[in-house]
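Structure, as structure tokens:
The values are calculated or read from the model by the stated rules, or taken from the named source; none is laboratory data. These figures come from a predicted structure and were not determined experimentally. Please note: Cβ atoms are built from the backbone with ideal geometry, for glycine as well, and neighbour counts cover all protein chains shown. Surface areas here come from the heavy atoms of the whole protein model, side chains and all, with no ligands, DNA or RNA. Shrake-Rupley method; radii C 1.70, N 1.55, O 1.52, S 1.80 Å.
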Amino acid sequence: MGCAHRSFLPLARRLGAVARVATIDLPGLGGTLGPRSALDARGLSSAPADWLRRTGREGAVLVVSSAGCQVVADLASHTGGLLGPVVFLGPTVDRSARSAIRQLRRLLLDIPRERLSLIPLVAADYLRCGPRRIAGTARCLLADDVEHKPHHLRTATVVIRGERDPLVPRAWAREVAAPLPRGRLVELCGAGHAVHHGAPEAVALLVRALFPGARA
């Protein structure tokens, strides 16, 4: 909803030992410029689609977290041919809890379940993003009917949920994974919502299994 790429660095370092890794910020987040108004899922997904084309990274493994899963699910619905294997980490938004109040309550429950090093990163990202853009992005993504989009993902897809993630109930994670033609669901014991930061070793192993030539 308002985070930049820095929380992904523990995972990126582990993957960087065996692959070329790029971390990106969506328009208006982190160091990437964006329009004054918040973008909806389609506006956000057009940016990584253009980035994949311009950098020649079509077919690369994409690892996305939380609201980023909604962005890539939307990308698949209009430009799926660009996608290689995809890893969804804690996909939002649970359609049984599409209200800002319920999501905020779940977010507060998640805070003590995360590594302490994540808290200042997220706080700094939110301050940089600003309340107006966060609120506007949240409104757009809460209204996104993401449950109708996963079937567009034709490549190998892994949905990863932290066992202690209050934002992504197990039933919702199963609902996201069920229509994926080549998908599966993995649950990481003891992890909260930000599994890429809290359990980077375990996530890196699952991502590496999707690399070309990797053994199952």
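Of note:
- Beta bridge orientation in the chain: antiparallel %, DSSP, nearest 5: 0 percent
- Shape category assigned to segment 1-81 from the gyration tensor of Cα positions, a/c cut at 1.5: oblate
- Surface analysis of segment 102-183 yields an accessible area of 55 Å² per residue, using protein heavy atoms and a 1.4 Å probe.
- Ordering ALA135, VAL87, VAL146 by the projection of their Cα atoms onto the charge dipole of segment 87-146, which places +1 on the Cβ of Lys and Arg and -1 on the Cβ of Asp and Glu, puts ALA135 at the extreme positive end.
- The stretch between SER37 and HIS148 holds 37.4 nm of extra length on full extension. This uses 0.36 nm per residue minus the Cα-Cα distance.
- Look at the alpha carbon pairs under 8 Å that are at least 6 residues apart: their mean separation over the length of the chain gives a relative contact order of 26 percent.
- Pairwise FRET efficiency - ALA100 versus VAL186, Cβ, R0 = 30 Å, nearest 0.05: 0.55
- Between ARG13 and LEU127, the modelled label-to-label distance comes to 2.3 nm, taking each label 7 Å out from Cα in the direction of the beta carbon.
- Seen through its C-alpha gyration tensor, with square-root eigenvalues sorted a ≥ b ≥ c, the chain comes out rounded because a/c lies under 1.5.
- Heavy-atom accessible surface of the chain: percent carbon and sulfur, 1.4 Å: 56 percent
- The accessible-area ordering, largest first, of the residues TRP172, TRP51 stands as TRP51, TRP172, per a 1.4 angstrom probe.
- Taking the Cα centre of the chain as origin and assigning +1 to Lys and Arg Cβ atoms and -1 to Asp and Glu Cβ atoms, the resulting dipole is close to 180 debye.
- Full-extension gain in nm, ALA171 to ARG57, via 0.36 nm per residue minus C-alpha separation: 37.7 nm
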